[in-house]
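To start, the structure under review is shown below, and the notes come after it.
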Amino acid sequence: MELNVWRKSSRSGSNGQCTEVKDTGADVLVRDSKNPSGPVLAFTRDEWRAFVDGVRAGEFDITN
């Protein structure tokens with residue numbers, strides 16, 4: 001991930017309803033793309049890696 005650049009998924013489409021992520025080198029920041037001046041969540045790199053690993057492993061999949 002490129003440092004200090006807000007990025008969003010290429011799958012987000014044109015509706016603008018997605019989150020953006022920025023790697024600062026020390027932390028990973030997450031914000032709402034519809035409100036770029038709004039609140040930002042900060043995660044350590046270890047916390048972010050655990051989240052991404054969980055997503056890839058299907059830990060957060062919703063089953064009906």
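The values are calculated or read from the model by the stated rules, or taken from the named source; none is laboratory data. This one's a predicted model, so the numbers in the text were calculated from it and none came from an experiment. When we count neighbours, we look across all protein chains shown, and the Cβ atoms used for this are built from the backbone with ideal geometry, even at glycine.
Looking at this structure, is E47 charged (D, E, K, R) and modelled with pLDDT under 95? So that I can check it myself, show each step before the final result.
Details: charged (D, E, K, R): yes; modelled with pLDDT under 95: no.
When the stated conditions are applied, E47 does not pass them.
In region 18-51, what residues are aliphatic (A, V, I, L, M) and either surrounded by 11 or more Cβ atoms within 10 Å (Cβ to Cβ) or within 13 Å of V5 (Cα to Cα) (or both)? Explain how you work it out, then say what you get.
Of region 18-51, the ones aliphatic (A, V, I, L, M) are 21, 26, 28-30, 40-42, 50.
Passing the criteria: V21, V28, L29, V30, V40, L41, A42, A50.
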Subset of region 1-17 that is among the charged types (D, E, K, R) and exposed (fewer than 11 other Cβ atoms within 10 Å of the Cβ) - its residue that is modelled with the highest pLDDT: R11
Just to be sure I understand the filter: pairs with C-beta atoms under 9 Å, separated by 6 or more residues or on different chains, first member in region 44-64 and over 16 Å from G25 (Cα atoms), second member charged (D, E, K, R) and part of a helix (DSSP H, G or I). Which pairs pass? E59/D53
